[in-house]
Each structure stands twice: as C-alpha cells, then as structure tokens.
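What follows is one structure encoded as structure tokens, with my remarks underneath.
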Amino acid sequence: MTRVFDGLEPANHVSHDLHAGDRIWPETNCYVDLWIEVLKAHGVEPLAMLGFTLTQAFEGDQFTFFKVPLEDLESLYDIRVTELAIFDRVEAHVATQIARGRLCLVEMDSFHMPDTRGVAYRIEHGKTTIGINRLDLDAEELDYFHNGGFFRLSGEDFRGLLQLDAGADALPFLPYAEFAKFPAERTSQAHQRRMAETLLGRHFGRRPDENPVRAFAGVFPEQAQRLGERDFAFFHKYAFNTLRQLGANFELLAAHLAWLGEGNRSALATVEALKIAETAKSVQFQLARALTRKKFEALATAMDPAIDAWERLMTELESALQDLRDAA
C-alpha cells in the first residue's frame, strides 16, 4: 500500500461543507480541520463528532484549543488513534505505517508548507499538524491533509519539512506524532447518530461551571490595550487563540446541533451557538479597528451578545437533552 486513501488527488480534492467559503469561520484549527477532511475521505460523517465543542472554556489567556477526544473517534467511528513513537527517521516510520493502512498525524513546521503561502510559508516557523496520505521518498513527494484541504509538496519543501538536509550537529528531528488505525468496515450513520446523541449529553455534563465568554470579556479590554503596545502583526496570533477559537468552536457546535436536531428544541440552541460565532467575528474586526485607532472603550461591552447567547444556549440544550431522555 502506497497511500492510505486511494484515489485522492490534491488537484481534484473537494473539501467538506464545513470548510465552505461562505461560513463565518471557514477554518477552525489545524487538528479539528484535519479530522473533518480525514473523516470525509474515510466515508463517515464528520458532523457527528462535534459535541465535544460544548466543553470549551476560557483558560485565562486563551480559549481552549479544541480537539476531538480520541475516545470519541473510537466510539463514533471505531477509529483508534495512539501516539507514534519516533526513534528512527520520521519518514521511515511514516512509510511503515502507510504500508499498513494507517494515517500518521505529525506536527510539522509550516515554514516548509506551500499551502500556508502568505501566512507562514517561507516567512516564519510555526507548529501545525498534518495527516500524511502518501509519501514517495524516491520522488520526494508528500500528499497531506492540512487545515481544510488536501495538498502536495515536493523537492526543497519535502526535504525541509522532513529535515533531510540537517547537518550532523543539528538537533534530532523528534516531532510529536500519532497514527490512526481504521476499521475494516465503516460504522453506519445510524450508529454515528445514536452515539453522537449520547456523547452530546456526556459533554454537556462537562461544560464549564461558569460562562467562559463572560470570563473572557472581563479581561479582554485590558488584553487589547496591552496588545496595542506590540507590533500589529501580533494581533493575528492573539485573535487566532481567542476570538477565532471561540467563534469557530461554536459555529461547529451549531452545525452539529442542526445535524442532530431535525426539528426538536436543539434548533433554538443552534441559533444561540451561531450568535456566539457571529459576535466573535464582529468583535475581531472591532479589535483590529481599536488597535489602529488606539481607542479601546467600546470593547468593554462588545462581547455582551455572546455572553447572553451562551447562557441561553445552555438553557435550551438542557431542555433539548431532557426531551431526548423522555423520548427514549
């Protein structure tokens, strides 16, 4: 086996609808976006896995970098993910696992990844996760899932990504890596839906004790003023880890609820989740203007619509989940 998913070509890859350009947040973070595309390639429903978004909290300086729990992947799709030990050349491990039908998820340097052109490619070094579908050592080519797409790199980028030209005195290349074992048969959509309902209730019980949007709003104006003392380029890093993680998280929750809902009370919760996503996008633009003008007063109440929406969302979900329990 030379690739995990046969027939996939970067030139004709069509991304999942969750990555459509007309969404509020077409991309979320590298790990969740990657899994959306991998699950689509595997032929199962990525929307089923998104109940974990209910657990997002504010961590004091950032919102939770939300990631699908590995146990959820196993419960929903019978996909088993575990750490891949790196004790030899990375490309040797990847080639071995691809030959066994396993997808390697490896933390790489976006400096060498042409799909990040204009953001990181040949500009700055950054950690990001890719899923390697095909590796050709002789041709120096690699096909990989990253963010909301599927790409190919080769030549100098290939050698840079895998640090093949590193000198004898260079530190060893030991990235964090996982590998996914796929089942012989895909789980049914009926199974995925049943398990998604169960997981939604479980994750609802793991939601933050206090409103995380209110916690963020309490420190946001001060953080923004400190941000104003730095180079504007830092705005993008801050916004990615705060407003984008918040907004993208709840837009995915809205999509999950709409997929599960089919007319029950979760439709009302969907509206509230989208309100959080929309507010986060609006406030991101407000923050950029505030940094340009050095005027931060309006940011004190900018998150209020999202604060209220989070409260209503949890109330509606509690009722919707009770309805599901009563109907069972």
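Please go through the range 154-185 and write out the GluC sites (Glu not before Pro) that DSSP classes as loop and that have at most 11 other C-beta atoms within 10 Å.
Here the sparse-neighbourhood loop sites are GLU185.
If each DSSP helix of 4+ residues adds -39,500 (n - 2.57) and the sum is divided by the residues in the chain, what number results at 222 nm, nearest 500 deg cm²/dmol?
Taking each H run of at least 4 residues, the total per residue is -14500 deg cm²/dmol.
Please list the equivalent ellipsoid semi-axes of the range 258-326, computed as the square roots of five times the alpha-carbon gyration tensor eigenvalues, in descending order and whole angstrom.
Result for the range 258-326: semi-axes of 33, 11, 5 Å.
Determine the shape class of the range 1-150: with a ≥ b ≥ c the square roots of the Cα gyration tensor eigenvalues, call it rounded for a/c under 1.5, and otherwise prolate if a/b is greater than b/c, oblate otherwise.
rounded
Counting Lys and Arg as +1 and Asp and Glu as -1, what is the net charge of the other residues whose Cβ lies under 15 Å from the Cβ of GLU311?
-3
Take every Cα pair under 8 Å in the range 50-157 that's 6+ residues apart, average their separations, divide by the length, and report that relative contact order as a whole percent.
Relative contact order, the range 50-157: 15 percent.
From the P(r) of the range 189-327, could you give the percentage of C-alpha pairs in the tail past 22 Å?
Percentage above 22 Å: 43.
Quick one: which residues, 5+ away or cross-chain, put their amide H under 5 Å from the amide H of MET108? H built at 1.01 Å from N.
Sorted by chain and number, the residues that satisfy this are THR128, THR129, ILE130.
Would you work out the charge dipole size for the chain about its Cα centre, treating the Cβ of every Lys and Arg as +1 and the Cβ of every Asp and Glu as -1, and quote it to the nearest 20 debye?
Roughly 540 debye, rounded to the nearest 20.
Mind checking the range 92-194 for chymotrypsin sites (Phe, Trp or Tyr not before Pro) that DSSP puts in a loop (not H, G, I, E or B) and that have at most 14 other Cβ atoms within 10 Å?
Loop-located and lightly packed - TYR176.
Per residue of the range 107-113, in order, report the coupling 6.51 cos²θ - 1.76 cosθ + 1.60 (Karplus, θ = phi - 60°) as ³J(HN,Hα) in whole Hz, putting x for Gly and Pro.
6, 10, 9, 5, 4, 9, 10
List the trypsin sites (Lys or Arg not before Pro) within the range 227-328 that fall in a DSSP loop (any state other than H, G, I, E or B) and whose Cβ has at most 12 other Cβ atoms within 10 Å.
Counting only loop positions with at most 12 other Cβ atoms within 10 Å, the trypsin sites (Lys or Arg not before Pro) in the range 227-328 are ARG230, LYS294, LYS295.
Given the chain, report the % of alpha carbon pairs whose separation exceeds 30 Å.
Here the tail beyond 30 Å accounts for 40 percent of pairs.
Once you have the Kirkwood Rh of the range 160-256 from its Cα pairs, apply Stokes-Einstein at 37 °C and 0.692 mPa s and quote D in µm²/s.
So the translational diffusion coefficient is about 175 µm²/s.
Values quoted throughout were computed directly from the atomic coordinates according to the rules given, and no laboratory measurement underlies them. Keep in mind it's a predicted model, so treat the numbers as computed, not measured. All Cβ positions, even for glycine, are placed from backbone atoms using ideal geometry, and neighbour counts span all protein chains on display.
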